[in-house]
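**Student:** Structure incoming, see below.
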Amino acid sequence: MAQTRGNLFILSAPSGAGKSSLINALLKKHTDMKVSVSHTTRSPRPGEENSVHYHFVSTDEFKALIEKNDFFEWAQVFDNYYGTSKQAIESQLDAGIDVFLDIDWQGAQQVRKIMPSVQTIFILPPSKKELEQRLNNRGQDSADVIAGRMAQAQSETSHYNEYDFVIVNDDFDTALADIEIIVMAQRLTLKAQEDRHQVLLNSLLK
Ligand code: 5GP
């Protein structure tokens, strides 16, 4: 079988929709899927490790990377900069690994322009009440930050209709299976299967 290039997926969601937990569960189950580690100027939260959850950099360092044209996409989210470096994704895709970008709607708009084959998924919480509870339950941010994030959640959600797929994260296992179905279907498209099974197709059609 020929080595096919990996597929690129974007997962966006309002903060508190459960996107990070879904991505973690997905990567645990599938060693042939990876999430890109972004750069950010925000401070690490408790338990977050540099180069694992994010590459934590200063604003000056981030701006220097913009100048060097090192970013595939970048955006200002809340009061901080976030960006996906080209390096974080190209080698993985070349190695046939499916890569997930955990990025916001602004980044998704940029990536669609550069790579129209990207498949984009928007995750919704099951209700506004549940979203509020989930943001409170985190216990990591102050009340001000939570109120700000509720407003941001609405603004992020207003972009749901720019995405190819929409998943409601009511039941975790169902939402996880929904993502898996999208990834698996993408691996079976005509283009992917033609690349992968060139030898078979040639022998059958000779
Ligand atoms: P958090 O600070 O909670 O980790 O992330 C805040 C928001 O920034 C989330 O919506 C997340 O998807 C988004 N984000 C994280 N990394 C990137 C990135 O590299 N690019 C863009 N555009 N958004 C990102």
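**Student:** On each of the three principal axes of the Cα atoms of the chain, give max minus min coordinate, whole Å, ordered largest first.
**Tutor:** On the principal axes, the chain reaches 68, 42, 29 Å in Cα extent.
**Student:** Can you give the Kirkwood hydrodynamic radius for segment 3-57, in Å, rounded to one decimal and based on Cα pairs? Don't jump to the answer; show the numbers that get you there.
**Tutor:** Working: mean 1/r = 0.0769 Å⁻¹.
Final number for the Kirkwood radius of segment 3-57 is 13.0 Å.
**Student:** What's the extension gain from Asp171 to Glu67 if we count 0.36 nm per residue and subtract their Cα-Cα distance?
**Tutor:** Numbers: separation 104, 0.36 × 104 = 37.44 nm, distance 4.30 nm.
Here the segment from Asp171 to Glu67 would lengthen by 33.1 nm.
**Student:** Here's another thing I want to ask about it. So what are the ³J(HN,Hα) numbers for segment 43-49, from phi and the Karplus equation (6.51, -1.76, 1.60; θ = phi - 60°), rounded to whole Hz, Gly and Pro as x?
**Tutor:** 6, x, 7, x, x, 7, 10
**Student:** Mind giving me the FRET efficiency for Arg5 and Ser51? R0 is 30 Å, r the Cβ-Cβ distance, nearest 0.05 is fine. The partial results should precede the final answer.
**Tutor:** Working: r = 25 Å, r/R0 = 0.83.
The formula returns an efficiency of 0.75 here.
**Student:** Turning to a different aspect of this structure: Can you tell which of Leu26, Thr40, Ser12 lies farthest toward the positive end of the dipole of the chain, using +1 and -1 charges on the Cβ of basic and acidic side chains (Lys, Arg; Asp, Glu)?
**Tutor:** So the residue we want is Leu26.
**Student:** Can you check what the net charge comes to around Ala108, using other residues whose Cβ is under 15 Å from the Cβ of Ala108 (Lys, Arg +1; Asp, Glu -1)? Could you put the intermediate results ahead of the total?
**Tutor:** Values: positive: Lys19, Arg112, Lys113; negative: Glu73, Asp102, Asp104, Glu156, Glu162, Asp164.
Once positives and negatives cancel, what remains is -3.
**Student:** Can you list the lysines whose alpha carbon sits under 25 Å from that of Lys191, skipping same-chain ones fewer than 8 residues off?
**Tutor:** Lys34, Lys86, Lys113, Lys206
**Student:** Enumerate the calculated ³J(HN,Hα) couplings along segment 120-136 in order (Karplus 6.51 cos²θ - 1.76 cosθ + 1.60, θ = phi - 60°), each rounded to whole Hz, writing x wherever the residue is Gly or Pro.
**Tutor:** Couplings: 10, 10, 10, 9, 10, x, x, 7, 5, 4, 4, 4, 4, 4, 4, 5, 6 Hz.
**Student:** Compute from the Cα atoms of segment 80-173 the Rg and the Dmax, the latter being the longest Cα-Cα distance, and quote both in angstrom.
**Tutor:** When restricted to Cα atoms, segment 80-173 yields Rg and Dmax of 15.5, 44 Å.
**Student:** Around Ala185, with a cut-off of 14 angstrom between Cβ atoms, what is the net charge of the other residues, counting Lys and Arg +1 and Asp and Glu -1? Spell out each step's value before the answer.
**Tutor:** Numbers: positive: Arg187, Lys191; negative: Asp98, Asp164, Asp178, Glu180.
Result for the neighbourhood of Ala185: -2.
**Student:** Calculate one ³J(HN,Hα) per residue across segment 59-68 by plugging θ = phi - 60° into the Karplus curve 6.51 cos²θ - 1.76 cosθ + 1.60, and present them in order as whole Hz with x for glycine and proline.
**Tutor:** For segment 59-68, the Karplus curve yields 4, 4, 4, 5, 5, 5, 5, 4, 4, 6 Hz.
**Student:** Here is a follow-up. What number do you get for segment 18-86 when its Cα radius of gyration is normalised by 2.2 N^0.38 Å, N = residues?
**Tutor:** Values: Rg = 13.0 Å, N = 69, 2.2 N^0.38 = 11.0 Å.
The value comes to 1.19.
Quick note: the coordinates plus some simple rules give every number you see, no bench work behind them. Note that the coordinates shown come from a computational prediction; the quantities given were computed from them, not determined experimentally. Here the Cβ is made from the backbone with ideal geometry for all residues, glycine too, and neighbour counts use every protein chain on show.
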